[in-house]
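Here's the structure we're looking at; comments come further down.
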Amino acid sequence: MPMQTVDLFGTNADGSLNQDYCCYCYKDGAFVQDCTMDEMIDHCIKYLDEFNGASDTKLSKEEAIAQMRKHFPTLKRWVK
């Protein structure tokens, strides 16, 4: 998720902003959902229409899933 404004950043346990994770994934120093990467992709794809509406890029469901499968493994949460 592009975090372009401060209100989209997650929060650490002490209330400070966490720039690694968004507010939908990380709150008060913990992940909001305990899920696998595949479960997160299934969750995120539900918001494709919203993403496409706010973006110059219009992705199909298949294109969006392919991009997430490529990008998510690079994110701090999923790096092994």
Which of (1) 79; (2) 105; (3) 97 gives volume of the Cα convex hull per residue in Å³ as computed here? It is (3)
Per GNM of the chain with C-alpha springs under 10 angstrom, the most fluctuating residue out of ASP42, ASP20, ASP56 is ASP56
Here, chymotrypsin sites (Phe, Trp or Tyr not before Pro) of the chain satisfying both criteria (DSSP loop; at most 14 other Cβ within 10 Å) are TYR24, TRP78
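Below 15 angstrom from the Cβ of PHE31, what's the summed charge of the other residues (Lys, Arg +1; Asp, Glu -1)? Each step should come with its number before you reach the end.
Details: positive: LYS27, LYS76, ARG77; negative: ASP20, ASP28, ASP34, GLU39.
My count for the surroundings of PHE31 gives -1.
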From DSSP H assignment alone, runs of 4+ in the chain each adding -39500 (n - 2.57), the sum over residues rounded to the nearest 500 puts [θ] at 222 nm at -8500 deg cm²/dmol
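We did not get these values from a lab; they are worked out from the coordinates using the rules stated. All values reported here derive from a predicted model rather than from experimental measurement. Please note: Cβ atoms are built from the backbone with ideal geometry, for glycine as well, and neighbour counts cover all protein chains shown.
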